[in-house]
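Notes follow the structure.
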Amino acid sequence: AAALVETGSRMDEVIFEEFKGTGNMELKLDRKLSEKRIFPAVDVDASGTRKEEILMAGDELQIIWKLRRVLHALDQQQAIELLLDKMKQTKSNTEFLLQIQKTTPTPGNGGD
């Protein structure tokens, strides 16, 4: 299901809240990013997959969590631009995750 939120309509918000807990994934788009012509205009912090730990291997999950910590420290525009830049540099999910693993500091090794 898709829902339009932040419309000012209380009914839209009520419907959204009803659906919110039932989906497997939530992808939140950001109007400010789209107004700046940044596409896809994804709010990285507010988007995610439920139960991702059963969808991915443990090593992949650790890299994704590390990436999220880095993206969370940035403002929305910086986060999506960094993510898009890293994605453009790779040709597959595996290559993307390996690139993230190599370029992201690890806690205890001079990182966050």
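Only one of these conditions is not met by T7: (1) among the hydroxyl-bearing types (S, T, Y); (2) modelled with pLDDT of 95 or more; (3) in a loop (DSSP other than H, G, I, E, B). Which number is it?
(2)
Taking the criterion of being under 22 Å from K102 (Cβ atoms) and loosely packed, with under 14 Cβ neighbours inside 10 Å, would at least one residue in region 15-29 satisfy it?
no
One line per residue, one yes/no per condition, for (1) touching a Phe, Trp or Tyr at 6+ places or on another chain (Cβ under 9 Å); (2) hydrophobic (A, V, I, L, M, F, W, C); (3) closer than 30 Å to E6 by Cα:
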site: A41; (1), (2), (3): no, yes, yes
site: D45; (1), (2), (3): no, no, yes
site: I54; (1), (2), (3): no, yes, no
site: G58; (1), (2), (3): no, no, no
site: R68; (1), (2), (3): no, no, yes
site: L71; (1), (2), (3): no, yes, yes
site: L83; (1), (2), (3): no, yes, yes
site: K91; (1), (2), (3): no, no, no
site: T104; (1), (2), (3): no, no, no
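Can you tell me which residues in region 41-51 are at pLDDT 90 or above and either surrounded by 13 or more Cβ atoms within 10 Å (Cβ to Cβ) or aromatic (F, W, Y) (or both)?
Hits for region 41-51 are A41, V42, D43, V44, D45, S47, G48, T49.
Examine region 86-104 for a residue that is closer than 30 Å to F19 by Cβ, surrounded by 12 or more Cβ atoms within 10 Å (Cβ to Cβ) and either of a type in the set (D, E, K, R) or in contact with a Cys (Cβ under 9 Å, 6 or more places away or on another chain) (or both), and state whether such a residue exists.
Checked against the condition, which is being closer than 30 Å to F19 by Cβ, surrounded by 12 or more Cβ atoms within 10 Å (Cβ to Cβ) and either of a type in the set (D, E, K, R) or in contact with a Cys (Cβ under 9 Å, 6 or more places away or on another chain) (or both), region 86-104 yields no hits at all.
Which members of region 65-80 meet the condition of being loosely packed, with under 15 Cβ neighbours inside 10 Å and among the hydrophobic types (A, V, I, L, M, F, W, C)?
Residues satisfying the conditions are W65, A73.
Could you tell me whether any residue of region 13-25 is in contact with a helix residue (DSSP H, G or I) (Cβ under 8 Å, 6 or more places away or on another chain) and not in a helix (DSSP H, G or I)?
Within region 13-25 (the criterion being in contact with a helix residue (DSSP H, G or I) (Cβ under 8 Å, 6 or more places away or on another chain) and not in a helix (DSSP H, G or I)), the answer is no, since none of the residues qualifies.
Any idea which of S34, S47 is among the small types (G, A, S), more than 12 Å from the chain's Cα centre (by Cα) and farther than 17 Å from T103 by Cα?
Checking each option against the conditions leaves just S34.
Do the conditions hold for K28, that is, is it without any contact (Cβ under 8 Å) to a residue 60 or more places away in the chain, of a type in the set (K, R) and in contact with a Ser or Thr (Cβ under 8 Å, 6 or more places away or on another chain)?
Yes: the conditions hold for K28.
The values are calculated or read from the model by the stated rules, or taken from the named source; none is laboratory data. Computed from a prediction, not measured in an experiment: that's the story for all the values here. Positions of Cβ are backbone-derived with ideal geometry, glycine not excepted, and every protein chain shown enters the neighbour counts.
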